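To start, the structure itself, in structure tokens.
The values are calculated or read from the model by the stated rules, or taken from the named source; none is laboratory data. Bear in mind that the values here come from a model prediction, so they are computed numbers and not experimental data. All Cβ positions, glycine included, derive from the backbone under ideal geometry; neighbour counts span all protein chains shown.
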Amino acid sequence: MTGQLEGQSIGIVGGGIGGLSAASYLASEGADVTLYEQHTDVGGVAGRIEADGFRFDTGPSWYLMPEVFERFFAHFDTTPADFYELVRLNPNYRVFWTDGDSVDIPADTDGARSVFESYESGAGDALEQYLEQARETYELGMDRFVMANRTRIRDYLSVDVLRSAKAVRFLGTMDEHVSSYFDNPKLQQLVQYTLVFLGGSPYNTPALYTLMSHVDYNLGVYYPMGGMMKVVDAMEAVANSQGATIHTATPVTDIVPDTDGVTLTVDGTPKRHDRVVSNAPPAYTERELLPPGTVNRKERYWEDRTLGPSAFMLYLGVEGPVDPLAHHTLVLPTDWRPHFEAIFDTPQWPERPSYYVNVPSRTDPDVAPDGCETVVVLVPLAAGLPDDEQQQQQFRDKILADLAEQTGVDLREAIRFEQRACVSTYGEQFNKQQGTALGLAHTLWQTGPLRPGHRIPGVDRVYHTGGSANPGIGVPMCLLSGEHVTEAVVADSTDARLSGRSPLSRGV
Ligand SMILES: Cc1cc2nc3c(=O)[nH]c(=O)nc-3n(C[C@H](O)[C@H](O)[C@H](O)COP(=O)(O)OP(=O)(O)OC[C@H]3O[C@@H](n4cnc5c(N)ncnc54)[C@H](O)[C@@H]3O)c2cc1C
């Protein structure tokens, strides 16, 4: 602890990954931190369902970029191993295409090379070159910008960055970049599917995000035994160990900053803090929680953003085996463009959906009762899509029939527990703009300095953290977001002290 925020009272709205991370970092600087979470559990979309012996992670299930988790825990003199056992998956994942073909992507890159070569002569070498480019981009991007929290436009204009950016055709789309390496559409899909993690498509995500291929092919795909909920438990324990106070079932309805501090309305009661970090979605924080007219943005700023997908989620406890589903399975039409169009261009329920099936019980039998499996199906959908009960039911039937047809696994008679989430769940339960599950997509115009930052234009003492702020979507990025917002709070508090304004105010 460096104590740079000693004596400051900081309120945090929301206990998602970004909020928990911020709570830990801010408390480690000596701040008196109080986190208010509206739900009975922390974790946000990284939630959990525990019922009838089945344990489901409701949101994230791919543990990627282990070094970022290490970095978080190391700051508090712990390691992930103090809290959970991490296993590397092999294969990384399995793909079923709708033409009857299927393939495993092995954890080792030599194995992946052979797979690529079997689809296209020369594609093994092309994969090696592609991944080398992805590694360089990742290292440059993480070292220079993401880890270092450099989000100003001038940070992006230095000579070596521009040179490297040119090499990856920074301004082009992933689709253009990838098709310069591979002709076979299946191979293109195998290096592009990770864009869905970023809330984007190959057609609207800049080639910079080729770095995601380094993340899965080179760095590997991991699983924390017990599920991602173990990561949330670990983060909550770290926040507590740093002295943060966490209140659950306490919704915040107003954030009112003034010259001396910020008043939150928590369950109808005013709570006074020197500064506030909001982990609630930025659009909702700015339009619903802050007083009207306080934020200095163009009127249509939020309407004009590109939202990442929402999701249709099925949480299924099933009896009996689910072979040949792997821990991570993707079911993909050979032409997936119509599904992306149904998400980003002409919102509608997809005719021929691409989807992801997660069966953590393949690695971790403890998450399901004996003889059973825990199955989660995720279908990306357009944010804002109407999702009445009848529509959801029809889509559920369609997906289960499709899964049986494409993989041979017919779950319909084996389901012992079932729960769903859809567009309205993310909108109503998490206050996400139009029910986007992931937040702002990582388009070129919503990346780096062009993405909402931690500071809010025109508003002092209130900050954003989480997936729709910098650096972006995903558990690792939200861990970093909590670190970076703390740097902003420390810098502003120091400035206030140096300029003679008191950074402190009295508690109510
Ligand atoms: C279905 C799904 C699958 C995903 N898969 C992966 C994956 O495999 N790997 C990966 O790394 N990432 C994945 N992600 C992305 C990742 O989970 C998110 O980017 C990350 O968890 C978002 O964290 P956040 O900090 O933005 O907070 P959120 O999860 O959005 O949490 C914000 C919190 O604020 C609370 N809140 C909101 N309003 C209020 C209020 N007024 N008062 C009090 N509290 C409030 C909410 O209840 C919530 O707890 C997935 C996301 C989803 C939805």
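Quick grid of which residues meet (1) under 17 Å from the mean Cα position of the chain (by Cα); (2) more than 12 Å from the ligand (Cβ to nearest atom); (3) β-branched (Val, Ile, Thr):
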| residue | (1), (2), (3) |
| --- | --- |
| 397 | no, yes, no |
| 407 | no, yes, yes |
| 430 | yes, no, no |
| 433 | yes, no, no |
| 458 | no, yes, no |
| 474 | yes, no, no |
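Restricting attention to the stretch 64-77, does a residue exist that is within 14 Å of the ligand (Cβ to nearest atom), of a type in the set (Asp, Glu) and assigned to a loop (DSSP other than H, G, I, E, B)? So that I can check it myself, show each step before the final result.
If we filter the stretch 64-77 for residues that are within 14 Å of the ligand (Cβ to nearest atom), which is where we start, we get 64-69, 72.
Applying the additional criterion that residues be of a type in the set (Asp, Glu) yields 67.
Within this subset, residues satisfying the condition of being assigned to a loop (DSSP other than H, G, I, E, B) are none.
No - not one qualifying residue is present in the stretch 64-77.
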*Scan the stretch 18-56 for residues that are aromatic (Phe, Trp, Tyr) and under 22 Å from the mean Cα position of the chain (by Cα) and jot them down.*
25, 36, 56
*Before we move on, is residue 452 touching a His at 6+ places or on another chain (Cβ under 7 Å), modelled with pLDDT under 95 and within 16 Å of the ligand (Cβ to nearest atom)?*
yes
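In the stretch 1-17, what residues are under 24 Å from the mean Cα position of the chain (by Cα) and either closer than 18 Å to residue 237 by Cβ or away from the ligand (no atom under 16 Å from the Cβ) (or both)? I'd like the intermediate steps shown before the answer.
Here is the first cut: in the stretch 1-17, the residues under 24 Å from the mean Cα position of the chain (by Cα) are 11-17.
Matches in the stretch 1-17: 12, 15, 16, 17.
Counting only residues that are buried (at least 18 other Cβ atoms within 10 Å of the Cβ), give me the strands (runs of 3 or more DSSP E) lying completely in the stretch 354-460 with at least 3 of them. I'd like the intermediate steps shown before the answer.
Details: elements: 355-358, 372-381, 415-421.
The qualifying strands (runs of 3 or more DSSP E) are 355-358, 372-381.
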*asked:* Quick test of your reading of the structure: residue 311 fulfils all but one of (1) more than 15 Å from the ligand (Cβ to nearest atom); (2) in contact with a strand residue (DSSP E or B) (Cβ under 7 Å, 6 or more places away or on another chain); (3) of a type outside the set (Val, Ile, Thr). Name the failing condition by number.
replied: (1)
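In the set 121, 114, 61, which member is within 15 Å of the ligand (Cβ to nearest atom) and either surrounded by fewer than 16 Cβ atoms within 10 Å (Cβ to Cβ) or under 19 Å from the mean Cα position of the chain (by Cα) (or both)? I'd like the intermediate steps shown before the answer.
Working: 121 fails: within 15 Å of the ligand (Cβ to nearest atom); 114 fails: within 15 Å of the ligand (Cβ to nearest atom).
Being within 15 Å of the ligand (Cβ to nearest atom) and either surrounded by fewer than 16 Cβ atoms within 10 Å (Cβ to Cβ) or under 19 Å from the mean Cα position of the chain (by Cα) (or both) holds for just one of 121, 114, 61, which is 61.
Tell me the residue from 52, 41 that is within 13 Å of the ligand (Cβ to nearest atom) and among the charged types (D, E, K, R), please.
Values: 52 fails: within 13 Å of the ligand (Cβ to nearest atom).
Every option except 41 fails the conditions.
Is the stretch 86-103 home to any residue that is under 22 Å from residue 466 (Cβ atoms), within 25 Å of the chain's Cα centre (by Cα) and not hydroxyl-bearing (Ser, Thr, Tyr)?
First pass over the stretch 86-103, keeping only residues under 22 Å from residue 466 (Cβ atoms): none.
Checked the stretch 86-103: no residue is under 22 Å from residue 466 (Cβ atoms), within 25 Å of the chain's Cα centre (by Cα) and not hydroxyl-bearing (Ser, Thr, Tyr).
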_Residues satisfying the stated conditions in the stretch 261-301, i.e. loosely packed, with under 15 Cβ neighbours inside 10 Å, of a type in the set (Asp, Glu) and in contact (Cβ under 8 Å) with a residue 12 or more places away in the chain_ = 267, 288
*Look at the stretch 305-337 and say how many of its residues are at pLDDT 95 or above and of a type in the set (Asp, Glu).*
2
*What do you reckon, is residue 98 modelled with pLDDT of 95 or more, under 30 Å from residue 11 (Cα atoms), more than 16 Å from the ligand (Cβ to nearest atom) and surrounded by fewer than 21 Cβ atoms within 10 Å (Cβ to Cβ)?*
no
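Test of understanding: among 27, 22, which residue is more than 13 Å from the ligand (Cβ to nearest atom), crowded, with 22+ Cβ neighbours inside 10 Å and part of a helix (DSSP H, G or I)? Quick ask: steps written out before the conclusion?
On the way: 22 fails: more than 13 Å from the ligand (Cβ to nearest atom).
Going through 27, 22 in turn, the sole match is 27.
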